[in-house]
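The values are calculated or read from the model by the stated rules, or taken from the named source; none is laboratory data. If you're wondering where the values come from, they're calculated on a predicted model, not measured in any experiment. Using ideal geometry, Cβ is built from the backbone for each residue, glycine included, and neighbour counts are taken over all protein chains shown. These accessible areas exclude ligands, DNA and RNA; they are computed on the full protein's heavy atoms, side chains included. Shrake-Rupley method; radii C 1.70, N 1.55, O 1.52, S 1.80 Å.
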Amino acid sequence: MTVGSLLGELSSVGVAPAGGFTRLAWTAADSQCREWFVQNASARGLDVEVDRNGNLWAWSHQHLPGKALVVGSHLDSVPNGGAFDGPLGVASAFAALDLLDDVGFRPTRPLAIVAFADEEGARFGVACSGSRLLTGSLDPDRLRALTDNDGVTAADAMRTMGLDARSAGADTERLTRIGEYLELHIEQGHLTTSAGVDGLTPDAPLGLATEIWPHGRWRVDLLGQQNHAGTTRLADRRDPMLALARVILEVRRAAEANGVLATVGKVRVSPGAVNAIAGTASAWIDARGDAEASVRAAIAELQHDSGLLAIEESWTSATVFDEQFTESLASAIGGELPRLPSGAGHDAGVLALAGIPSAMILVRNPSGISHAPEEFAEEDDAERGVVALAAAIRSRLA
């Protein structure tokens with residue numbers, strides 16, 4: 001099957017009224033995506049399993065000696081996300097396996113296709129929770145206690161999918177079975193490539209990621225006094241929304257001053273009534289850049305200038321992908337493949353930080369837009385990605 005037809009099988013799953021797809025972790029839409037994975041794996045005679053952290057694995061020739069090459073990505077999305085971020089990597093893995101089967105290729109060691117759970121972190125706030133739990137970089141007690149906007153804990157959400165969150169945690173035995181991890185992903189944004197061009201081009205529709213910028217998430221909590229909007233004089237109000245507005249502007253100013261990217265993309269206001277002055281407000285800050293010192297300087301400046309505490313909820317250090325692995329992929333795929341950094345986090349980065357040689361193939365996104373319905377890949381580019389992935393697999397497993 002082509003990668004386009006495989007993605008087409010998911011086109012009705014989690015369709016968002018405002019456009020795009022909403023496939024949050026441990027929801028009905030996520031469950032449908034997971035069923036799609038199992039069906040496609042089973043149709044290809046692969047052995048399917050769900051690990052203790054909810055990650056899906058489809059094994060080919062797992063009886064062979066040696067450590068496995070693992071390829072894949074994730075299936076969950078942000079609210080109103082695009083069709084490619086995550087699913088393109090999983091669908092391409094199945095399509096690449098089809099190409100290899102068509103030519104009678106037989107690997108010399110195991111191959112696994114993986115769909116990592118809750119990569120986006122859009123529901124519970126911690127990105128890449130499936131791979132972080134696997135590698136031991138996320139405390140399972142913390143994971144179990146996380147809550148979504150409706151107060152549902154991650155433990156309860158996993159339970160609705162038939163998973164026991166009490167078993168979540170580091171899986172050393174599974175990690176020892178992995179030799180390398182390779183992730184194909186849609187290009188996100190138009191960062192500058194090694195050729196000095198902003199983003200991949202029609203002449204170079206594929207690229208290789210060299211690194212993931214350091215990035216983190218912080219929360220600022222603001223306390224006010226809930227009161228009636230129609231009976232409280234302006235001078236008597238303790239309205240946290242005014243401080244929230246200042247925080248949002250200060251985040252932008254601190255980012256510009258320190259040459260980093262910072263975003264307030266989520267706020268929570270209580271009680272959230274039109275005719276009530278808010279009692280509390282919280283803002284979540286996403287900050288990232290090409291140097292850790294600059295990112296942390298921006299957050300420090302925000303705290304100093306606002307007098308508020310920014311609570312660090314997650315941090316991922318700069319991640320450099322395995323250079324030898326990356327260069328071997330370039331040789332196997334052929335042609336001029338631009339190298340470019342990633343400003344987005346990925347499961348590949350989590351595994352790389354855990355000591356597993358990891359690399360990423362990127363497929364051109366002419367829109368330059370991601371985490372939105374306009375995210376896009378040309379059909380021909382997506383198929384080129386499949387061919388490249390098949391060549392990479394063959395080169396590693398021959």
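Computed over the chain with a Gaussian network model linking Cα atoms closer than 10 Å, the most mobile of S370, S73, S342 is S370.
A cut-off of 5 Å between modelled amide H atoms, ignoring neighbours fewer than 5 places along the same chain, links A170 with G136. Helix 379-397: angle to the longest alpha-carbon principal axis of the chain, degrees 0 to 90, nearest 10? Helix 379-397 sits at roughly 60 degrees to that axis.
In order along segment 206-220, phi translates into HN-Hα couplings of 10, x, 10, 7, 9, 6, 10, 4, x, 7, x, 10, 10, 10, 10 Hz, rounded to whole numbers, per the Karplus curve 6.51 cos²θ - 1.76 cosθ + 1.60 with θ = phi - 60° and x for Gly and Pro.
The phi-based Karplus calculation (6.51 cos²θ - 1.76 cosθ + 1.60; θ = phi - 60°) puts the 3J(HN,Hα) values of segment 22-36 at 10, 10, 6, 4, 6, 10, 4, 5, 4, 4, 5, 5, 5, 5, 4 Hz, whole numbers, x for Gly and Pro.
Probe radius 1.4 Å, ligands and nucleic acids ignored: give me the carbon and sulfur share of the accessible area of segment 77-198 as a rounded percent.
Values: 2090 of 4400 Å².
Its accessible area is 47 percent carbon and sulfur atoms.
Couplings 3J(HN,Hα) for segment 276-293, derived from phi with the Karplus relation 6.51 cos²θ - 1.76 cosθ + 1.60 (θ = phi - 60°), are 10, 5, 5, x, 9, 8, 10, 10, 9, 10, 9, 9, 7, x, 7, 9, 4, 4 Hz, where x marks Gly and Pro.
The Cβ shell under 12 Å around K67 holds other residues with a net charge of +3, Lys and Arg each +1, Asp and Glu each -1. Label-to-label distance for R233 and R177 is 7.1 nm, based on points extended 7 Å past Cα in the beta-carbon direction.
Excluding G224 itself, what net charge comes from residues whose Cβ is under 14 Å from its Cβ, given Lys and Arg +1 and Asp and Glu -1?
Working: positive: R237, R238, R246, R268; negative: D221, D236, D239.
Residues near G224 contribute +1 overall.
Compute the Cα gyration tensor for segment 321-398, then decide on rounded, prolate or oblate, letting a ≥ b ≥ c be the square roots of its eigenvalues: rounded whenever a/c is under 1.5, prolate when a/b is larger than b/c in the other cases, and oblate in all that remain. Mind dumping the intermediate values first?
Numbers: a/c = 2.09, a/b = 1.23, b/c = 1.70.
It is oblate, given that a/c is not under 1.5 and a/b is not larger than b/c.
Counting only protein heavy atoms and using a 1.4 Å probe, the accessible area of V38 comes to about 50 Å². Accessible surface calculations at 1.4 Å, restricted to protein heavy atoms, place the chain at 42 Å² per residue. Computed from the C-beta positions of R252 and N149, the FRET efficiency with R₀ = 30 Å rounds to 0.75.
As a test of reading the structure, rank L24, L222 by solvent-accessible area (1.4 Å probe, protein chains only), most first.
Details: L24 40, L222 10 Å².
Ranked from most to least accessible, the order is L24, L222.
Among residues other than G82 with Cβ under 12 Å from its Cβ, the summed charge is -4 (Lys and Arg +1, Asp and Glu -1). Taking 15 Å as the cut-off, the amide N atoms of segment 357-390 that come nearer than this to a point 7 Å along the Cα-to-beta-carbon line of S194 belong to 359-362. Figure note: K266, K67 ranked by solvent-accessible area, largest first, 1.4 Å probe, ligands and nucleic acids not counted: K67, K266.
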